[in-house]
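Here's the structure we're looking at; comments come further down.
The values are calculated or read from the model by the stated rules, or taken from the named source; none is laboratory data. Note that this is a predicted model, so its numbers are computed, not measured. Ligands, DNA and RNA are stripped out before the accessible areas are found, and what is left, the full protein with its side chains, is counted by its heavy atoms. Shrake-Rupley method; radii C 1.70, N 1.55, O 1.52, S 1.80 Å.
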Amino acid sequence: MSQAIFITGTGTNVGKTFVTALLVKKFREQGKNAGYYKAVLSGAECIGKQLIPGDAKFVCDIAKLSVKPSSLVSYIYKMAVSPHLAAHKEGNPVTLSKIQEDYKQISKRFSYLFVEGSGGIVCPLRIDEQETIMLTDVITMLDIPMIIVSDTYLGSINRAVLTATYAKSKGIKIKGFIFNSYDPSDEMQKDNCQRIEQLTGVPTLGYVYHNEAKLHLCTQALLALFEGEKR
């Protein structure tokens, strides 16, 4: 079984998939058998009669993963809406048992697995007469720690603190923050990162600088990501 870590974001479009791809790429460049899994994806592109999971394809392309992207995602929906609504419109509602089984099978293929969430931490995957399943239910079921991807712009303190506080309330272990599109010459952004770390007690693992496609993650932090997380 893989050593695994979950990647969430402080909201939609903060660069969660981008950072996940850079993490997988960085590990693979160091000779580690790193892979990717996403339980639920909405907003897939339809080519012919086939739904293409864009997030998974992006990670595979960036990290040079020679696998079919759709084989790394349990549920793929066409509508670019919350997964619970996409499932209501398109059918095929989420079940935790399928996610658990798919995760187990994919874990056998990789030594290190990066599991990407859907949207932010408060994301409903299924709400119907039979069941309510939230993204946090998946994280707690898989029992893996989490990295939070955050931007550093105005309002980032609020979003990051709320995300960390909610995750902690669910008993989820947070490894740290990775700040995306960070400009170290911007005094506000620099202060935002410092205040987020101060207010949450969660360390900073690294940065992706503005207009760069490179993850600045210290070697020690990289190795520490999976310490004590063998599954």
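In the range 140-212, the C-alpha radius of gyration followed by the widest Cα-Cα span (Dmax) gives 12.3, 41 angstrom. With the gyration tensor restricted to C-alpha atoms of the range 1-135, the semi-axes of the equivalent ellipsoid amount to 24, 16, 14 Å, longest first. A 1.4 Å probe over all protein chains sorts Lys64, Lys38, Lys175, Lys170 by accessible area into Lys64, Lys170, Lys175, Lys38, starting with the largest. The share of accessible area on the chain that comes from carbon and sulfur is 50 percent, using a 1.4 angstrom probe.
Between Leu162 and Thr140, the contour length at 0.36 nm per residue exceeds the alpha carbon distance by 6.1 nm.
Treating the Cα atoms of the chain as identical point scatterers in vacuum, please give the log10 of the normalised Debye intensity I(q)/I(0) at q = 0.08 Å⁻¹, two decimals. With one equal scatterer per Cα and no solvent, log10 I(q)/I(0) is -0.27.
For the listed residue pairs Lys57/Lys214; Lys32/Lys168; Lys25/Lys78; Lys32/Lys104; Lys78/Lys98, the alpha carbons are over 23 angstrom apart in Lys32/Lys168; Lys25/Lys78. Only beta bridges with both residues in the chain are counted; by DSSP, about 25 percent of them are antiparallel. Could you grab the relative contact order for the range 1-112? Cα pairs under 8 Å, six or more apart, rounded to a whole percent. Relative contact order of the range 1-112: 33 percent.
Structural size metrics of the range 118-171, computed from C-alpha coordinates, are Rg and Dmax of 12.6, 40 Å. Accessible area per residue for the chain is 46 Å², calculated with a 1.4 Å probe on protein heavy atoms, without ligands, DNA or RNA. Across the range 15-29, rounded Karplus estimates of 3J(HN,Hα) from the backbone phi angles (6.51 cos²θ - 1.76 cosθ + 1.60, θ = phi - 60°) give x, 4, 5, 4, 5, 4, 4, 5, 5, 4, 4, 4, 5, 5, 5 Hz, Gly and Pro being marked x.
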